[in-house]
Amino acid sequence: MILTDKEILEEIAKGTILIQPYDRSKLGTNSYDVHLGKYLATYKNRVLDARKHNEIAIFEIPKDGFCLQPNTLYLGVTEEYTETHAHVPFLEGKSSVGRLGIDIHATAGKGDVGFCNTWTLEISVSQPVIVYAGMPIGQLIYFKVNGDIENYYNRKTNAKYNKRTDLPVESMMWKNVF
């Protein structure tokens, strides 16, 4: 079941959900709006290798915006740092963003209980579109968990995305053994 606005507020008061910065006006009926941070990144190489560390080039979005191009994967980051200690967070795009032809994640819309960080966005566009730091980019929804949790994400020794950052983070697939 998805948390309602009142339940999200209760969980924030209990400390099981943390959103920084937090703005009450960004709380919807059953979601919280998050914003595009000031950094984007692209991969340095056009051909990526799942077994190798693919390096990224990080850049700041200019004040007058940045034009995203089709056929390029951009890694963005949310302005908001979040912690979720008792629920499963999902990040979904806002309909206004989708109507501009912007996808904010390819596959990684779900967080784990215990996820504590900013969210790296996997941004692609269907046509050129100018984006701005601070623009609404997505919404977090929280699902109730049924049952006890044995292995919180922020306590896993092998978690690849636990280091707190305000920058987009490249794929760490290369750390897997396959």
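Couple of notes before you dig in:
- 26 Å Cα-Cα threshold exceeded, pairs from Lys6/Lys94; Lys38/Lys163; Lys26/Lys110; Lys38/Lys94; Lys63/Lys175: Lys63/Lys175
- Rel. contact order, % - alpha carbon contacts under 8 angstrom, at least six apart, the stretch 33-178: 34 percent
- For the stretch 1-85, the set of GluC sites (Glu not before Pro) satisfying both a DSSP loop assignment and a count of at most 12 other C-beta atoms within 10 Å is given as Glu55.
- Euclidean distance of C-alpha centroids, the stretch 22-39 and the stretch 119-144, integer Å: 11 Å
- Taking the stretch 1-81 and dividing mean pair separation by its residue count, relative contact order in percent (alpha carbons under 8 Å, at least six apart): 36 percent
- Restriction of the GluC sites (Glu not before Pro) in the stretch 119-178 to DSSP coil positions whose beta-carbon has at most 16 other beta-carbons within 10 angstrom yields Glu150.
- Neighbour net charge for Asn176 - beta-carbon separation under 10 angstrom, K R +1, D E -1: +3
- Equivalent-ellipsoid semi-axes for the stretch 1-105 (Cα gyration tensor, √(5λ), whole Å, largest first): 30, 17, 14.
Every read-out reported here was derived from the displayed coordinates using simple, explicitly stated rules and does not represent laboratory data. Quick caveat, the model's predicted, so the values are computed rather than measured. Cβ coordinates were reconstructed from backbone atoms using ideal geometry, including for glycine residues, and neighbour counts include every protein chain displayed.
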